[in-house]
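To start, the structure under review is shown below, and the notes come after it.
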Amino acid sequence: MKALVLLSGGIDSAVCLAVAARDGSNLCALTVLYGQKHEREREAAGEIIKHYKHFGISHEVLALPSEAFKGFGSTLTDDKPNPHLTYEELRKSSGPSPTYVPFRNANLLSLATTRALVLGCAYVYVGVHADDARNYAYPDCTPEFIGAMANAIHVGTYFKVRLRAPLMWMTKKEIVKLGYSYKIPFRLTYSCY
């Protein structure tokens, strides 16, 4: 089985990579640049791949047009400072987080699915989780969104590619705990938030 993992370089995608490896996948990783201010994640993704070189994971870095995401007001792509919010503060709020990038995950998953087809991958892994989905802080991380994308991906690829979101029902705390059980080198990760 061959799988493609969206690898941002953050904690969630690093743990997702380890889960995909545990699933016995022949792995490809894809890092996507979309005009985010924190391109430091790209370096982190490269360091994570080097750490797991014994798995023979191929790694691509591709760019989406950055202009597509600018102007919405996201602190990740527009000229605004990132807020310092905890997940507890996000849980208490409603509506999109100030760091929400408009429809980003749909774009990332579409690109990942295209690459999965080209590379002969049967699965695309994404590291969305429950804390990002709560109260629709990131609507493109919700089970509803992921379910819709999973259906679109499966049908749109002539039933050749399936979407996997193994962390979807986990909190960040649970993901970190799982990561420690897999001995994830968290020191190599970098979070955009």
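In this structure the amide hydrogen of ASN26, modeled in the peptide plane, comes within under 5 Å of the amide hydrogens of LYS2, ALA3, none closer than 5 places in sequence on its chain. With a cut-off of 14 Å, note down the residues of region 169-193 whose backbone N falls inside the zone around a label point 7 Å from the Cα of LYS37 toward its beta carbon. What the label zone holds, given the 14 Å backbone N cut-off, is 192-193.
Near LEU4: Cβ cut-off under 15 Å, other residues only, Lys/Arg at +1 and Asp/Glu at -1. The net charge is +3. Peptides 38-46, 64-72, ordered by how many other C-beta atoms sit within 10 Å of their residues on average, highest first, read 38-46, 64-72.
Is the chain best put as rounded, prolate or oblate by its Cα gyration tensor, with a ≥ b ≥ c the root eigenvalues, rounded for a/c under 1.5, and otherwise prolate when a/b is larger than b/c, oblate when not? It is rounded, given that a/c, with a ≥ b ≥ c, falls under 1.5. Pairs from the list LYS92/LYS183; LYS2/LYS183; LYS70/LYS160; LYS70/LYS183; LYS50/LYS172; LYS37/LYS160 with a Cα-Cα gap above 28 Å: LYS92/LYS183; LYS70/LYS160; LYS70/LYS183; LYS37/LYS160. Placing a pseudo-label 7 Å from each Cα along the Cα-to-Cβ vector at ASP79 and GLU60 gives an inter-label distance of 3.4 nm. Rolling a 1.4 Å probe over the heavy atoms of the protein chains gives region 36-167 an accessible area of 52 Å² per residue. The residues packed around GLY56, meaning those with a beta-carbon under 14 Å from its beta-carbon, carry a net charge of +3 if Lys and Arg are +1 and Asp and Glu are -1.
Remark: region 131-140, residue by residue, has Karplus-estimated 3J(HN,Hα) of 5, 6, 7, 4, 6, 6, 4, 10, x, 8 Hz, where x stands for each Gly or Pro and the curve is 6.51 cos²θ - 1.76 cosθ + 1.60 at θ = phi - 60°. Label point of LYS177 set 7 angstrom out along Cα-Cβ; within region 110-140, amide nitrogens under 18 Å from it belong to 129-132. The HN-Hα couplings worked out from phi for region 54-71 by the Karplus form 6.51 cos²θ - 1.76 cosθ + 1.60 (θ = phi - 60°) are 5, 7, x, 7, 7, 9, 10, 10, 10, 10, 9, x, 5, 4, 4, 9, 7, x Hz, whole numbers, x standing for Gly and Pro.
Measuring nothing but protein heavy atoms, the accessible surface of region 101-193 at 1.4 Å probe radius is 60 percent carbon and sulfur. Output the relative contact order of region 69-142, whole-number percent, from Cα pairs under 8 angstrom with separation of 6+ residues. Contact order relative to length: 31 percent. Within the shell of other residues whose beta carbon sits under 11 angstrom from the beta carbon of PRO185, the net charge comes to +2, with Lys and Arg scored +1 and Asp and Glu -1.
The values are calculated or read from the model by the stated rules, or taken from the named source; none is laboratory data. None of the values given here were measured: they were computed from a predicted structure. Note that we place each Cβ from the backbone using ideal geometry, even for glycine, and neighbour counts take in every protein chain shown. Accessible surface is based on the protein model in full, side chains and every heavy atom, while ligands, DNA and RNA are left aside. Shrake-Rupley method; radii C 1.70, N 1.55, O 1.52, S 1.80 Å.
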